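A short write-up of the structure that comes next.
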Amino acid sequence: MALIDCKFYSEVLGLSTSAKVILPQNTKTQIGMGGAKANGNSPVLYLLHGLSDDESIWIRRTSIERYVAEKNLIVVMPNGGRGFYTDMVHGYKYFTFITEELPTLMQQFFHISSKREDTFIAGLSMGGYGALKIALSCPERYAAAASLSGVTDIVRTYEDTKKDPYNSVMTADEIESILGTFTDIEGSKHDLFHLTKELSQKRCEKPRIYQCCGTEDLLYQDNVKFREFIKKLDYDYTYEEENGIHEWGFWDRKIQDVLNWLQV
């Protein structure tokens, strides 16, 4: 495979930004590595980082390159800042960037399929929230979405920052600058429970959903709550859990399960 450090200008964000991109490559002589049978426009996985990370983190903390080496799959890992992959109330329009501008640019730069059935999105923690929110909001564009230890209950996350700001990785002010106040979040386009129920009532093709979380993770109860909610609705849904906390050993294992689940 090839690893590209892609730096480019975003009209939506109004600044230069970057993404790590893994491209399949036909190889026969790499020692210890197989080569993908890449031909034509390849399927794509948009892989999102967590709150404290950037576009390099999946490369630095997992063996994602090795896991996709023999797959005809392009992996795009964009920089999403701390914006929860949404169009911030005060700040950048990350949702528009990820869902509209980024795919257009990546298709200009690389041989990426534009077909829905070839387009997937996944992420961890904040990125898990972003992957679900994006796929549920744009089901016509994404065939599948995966959340690894995702922030699935953004309303409770906001409430916790208000109750105990000293034990939170974010302040209520920061969340409000991104999503708005409590009344702006609950039952809105930012609320995964609302989005999941709303989409289930529509006559359209829905994305397949994969969700996993460690049983000792600080977000475990939120993930169980979302699991019990979505199981009652009409989705092709897969849930997995195992011993684990909010850390990279768990995500390195589970991204392999996500790739197998995608069946690319």
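A compact table of results
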item	result
Given (1) over 18 Å from the mean Cα position of the chain (by Cα); (2) within 16 Å of Pro78 (Cβ to Cβ), number of the condition Lys162 does not satisfy	(2)
Strands (runs of 3 or more DSSP E) enclosed by the stretch 10-128 - at least 3 residues per element that are aromatic (Phe, Trp, Tyr) and out of contact with any Leu (no Cβ under 9 Å at 6 or more places or on another chain)	none
Qualifying residue in the stretch 205-215 (condition: surrounded by fewer than 16 Cβ atoms within 10 Å (Cβ to Cβ), farther than 28 Å from Arg66 by Cα and more than 18 Å from the chain's Cα centre (by Cα))	yes
Out of Lys197, Lys189, Lys232, sole residue that is in contact (Cβ under 8 Å) with a residue 24 or more places away in the chain and either assigned to a loop (DSSP other than H, G, I, E, B) or surrounded by fewer than 16 Cβ atoms within 10 Å (Cβ to Cβ) (or both)	Lys189
Verdict on Gln221 being polar (S, T, N, Q), at pLDDT 95 or above and farther than 27 Å from Leu45 by Cα	yes
Residue check for Asp153: acidic (Asp, Glu), surrounded by 16 or more Cβ atoms within 10 Å (Cβ to Cβ) and either under 18 Å from Leu47 (Cβ atoms) or touching a residue at least 24 places away in the same chain (Cβ under 8 Å) (or both)	yes
Failed item, numbered, when Ile59 is tested on (1) farther than 19 Å from Ala146 by Cβ; (2) in contact (Cβ under 8 Å) with a residue 24 or more places away in the chain; (3) surrounded by fewer than 20 Cβ atoms within 10 Å (Cβ to Cβ)	(1)
Looking only at the stretch 1-29, and only at residues there that are at pLDDT below 95 and surrounded by fewer than 20 Cβ atoms within 10 Å (Cβ to Cβ), the one that is nearest to Tyr94 (Cα to Cα)	Ala2
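The values are calculated or read from the model by the stated rules, or taken from the named source; none is laboratory data. This one's a predicted model, so the numbers in the text were calculated from it and none came from an experiment. Every residue, glycine as well, gets a Cβ built from its backbone with ideal geometry; the counts of neighbours run over all protein chains shown.
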